[in-house]
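All remarks here apply to the structure that follows.
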Amino acid sequence: MLMAAIKIAAVVLLTGVTIAAFLTAPPLGGMQAGGDASRLFYFHVPMAQVSFVSFMVAAVFSVLYLRTRRPDHDMMATVAAELGLLFSIVALITGSLWAKQAWGAYWNWDPRQLFLFALVLFYGAFFALRQATPNLDTRRRVSAVYLVFGGAISPFLFFVLPRLYRSLHEDANQVVTSTQSTMSPLVGTIFGFSSVGFLLLYIWLFKLGVAAERIEQDAGHRTV
Amino acid sequence: MRKAWAVLRKDVRAEYRTRYAVNALFLFALVTLTALSFATGGAALTPLLAAVFYWVILFFSVFASLAQTFVKESETKTEILLKLNAPDDAVFFGKWTFNLLLVILLNIVLTPLFIVMLNIQLSEWGVWISTLLLGGIGLVSTTTLLGALIAAANVRGALFSVLAFPVLLPLLVTAIRVSELCLGGSAEISRVDAYLVLGSYAAVSTTAAWLLFPFVWRD
Amino acid sequence: MTASQTALVGVLIVWAGVVWYLVRIDRKIKRGGGLK
């Protein structure tokens, strides 16, 4: 079955990646990139990618909800948002920890950090909106609209911010972009496995979340 | 289109009578600007800081006043009349134009005051004005949609800032960077890039807001 | 914190995040009356 394959693959990949991350040489050479801390590259970047994917997933389910008005769609959008929030917070923390080692400070106004922070704000605003809206139908409707609007804008955060800051003296950014293009095959492979592994993990957690939400709602309770 | 004009005229007339939004807008901007100029005490501002001040004043003035354009409708019970008499598009563009006019007006007043009170040198007027215009459009589109959203959700106005900030972040950052250029700062960003970003943001936000508005306006 | 410690802490945080979510799921299922 597909789901079983996904779960097994996720576990295998992520275990393998974790082992490889610590047994191989640090992916980004030199103290400039944080030395050992750069091992977080294999975890931080895929998680950031997934948090963005999750945003898109949530936006798609929101569009579906607006068209079909099926509560299921709203529920799935919310689960995607929960996971997105989780992944983006973890990505932000791991990124800051790494940044402290590599660039000397936890926060550097790097466009990618800003992007992750904006994602966290987005998700947070989404949940704040839901909390503040007592009427259920209205809650679903407005949070769906917000997510879709955010989804339309998010490419700007993702693609535009890095462009804008390119001429800044952000050595950090240059290190990341230049090393990524000169990544050794081994680093590239591990990173690739990690990206896929985290994506599969996301799918697994998403299915779990939806199932749990259904069980809870069937029994008459509701969290969001 | 005609209906949009009618919505606009109604709003302008109502506004002229009570001057509620306009007062809030200008008062907020003036107070913030004054506070800032006292705080800096005549010391010279770097171009970046000056750009930041301008856009933050602009943003928060808009948050404080324009966010309420729809709340006003539900408060004065004119909401139902509006829903019955005008198509969604008309309502949206009527409100949108009203908000845009206010923002333009604010900029016309704010820029000279800004120059005078904070002792600013403004070169590149063309870039400054087009940035204000393009940025203003993006700002207004977002504000109009989200303002309708919080009115529909019946939530406190404070939530508006929470919702609006992540969405407006790319706009804010870009606008500040290119404004910095006009104020004598270093060329951290190319003008072409800035226009592209501001222009496409204006286009995307306006289209998305226009398409999503009916879902907020109608149950 | 040294660079190596940072890497370990980072992975731990990833792990903690996943566990947190699983606990949350577990609570939802319990509230819903358990798995059938």
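The values are calculated or read from the model by the stated rules, or taken from the named source; none is laboratory data. Keep in mind it's a predicted model, so treat the numbers as computed, not measured. Cβ atoms come from the backbone with ideal geometry, glycine included; neighbour counts cover every protein chain shown.
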Given (1) surrounded by fewer than 21 Cβ atoms within 10 Å (Cβ to Cβ); (2) at pLDDT below 85, index of the condition residue A:112 fails: (1)
Only one of A:80, A:128 that is in contact with a helix residue (DSSP H, G or I) (Cβ under 6 Å, 6 or more places away or on another chain) and more than 10 Å from every other protein chain (Cβ to nearest Cβ): A:80
One residue from B:128, B:217, B:210 being buried (at least 16 other Cβ atoms within 10 Å of the Cβ) and more than 27 Å from residue B:91 (Cβ to Cβ): B:128
Set B:178, B:197, B:192: member being farther than 20 Å from residue A:141 by Cβ, buried (at least 23 other Cβ atoms within 10 Å of the Cβ) and more than 9 Å from chain A (Cβ to nearest Cβ): B:178
Residue within the stretch A:53-74 that is of a type in the set (Asp, Glu) and at pLDDT 85 or above present: yes
Test: residue in the stretch A:99-112 that is more than 10 Å from chain B (Cβ to nearest Cβ), within 13 Å of the chain's Cα centre (by Cα) and part of a helix (DSSP H, G or I): yes
Candidates A:127, A:158, filtered to the one that is among the aromatic types (Phe, Trp, Tyr), at negative phi and modelled with pLDDT of 80 or more: A:127
Residues located in the stretch B:162-175, provided they are surrounded by fewer than 24 Cβ atoms within 10 Å (Cβ to Cβ) and within 8 Å of chain A (Cβ to nearest Cβ): B:162, B:165, B:166, B:169, B:173
Unmet criterion (only one of (1) crowded, with 24+ Cβ neighbours inside 10 Å; (2) under 8 Å from the mean Cα position of the chain (by Cα)) for residue A:49: (1)
Only one of A:143, A:194, A:184 that is polar (S, T, N, Q), within 24 Å of residue C:11 (Cα to Cα) and modelled with pLDDT of 90 or more: A:194
Selection status of residue B:110, under 14 Å from residue B:62 (Cβ atoms), touching a residue at least 12 places away in the same chain (Cβ under 8 Å) and either of a type in the set (Phe, Trp, Tyr) or within 13 Å of chain A (Cβ to nearest Cβ) (or both): no
Pair list, Cβ under 7 Å, 6 or more apart: the stretch A:118-131 residue surrounded by 18 or more Cβ atoms within 10 Å (Cβ to Cβ), other residue outside any helix (DSSP H, G or I): A:130/A:224
Test: residue in the stretch A:27-40 that is without any contact (Cβ under 8 Å) to a residue 40 or more places away in the chain and within 24 Å of residue A:212 (Cβ to Cβ): no
The stretch A:132-158, subset touching a residue at least 24 places away in the same chain (Cβ under 8 Å) and more than 7 Å from chain B (Cβ to nearest Cβ), residue nearest to residue A:97 (Cα to Cα): A:158
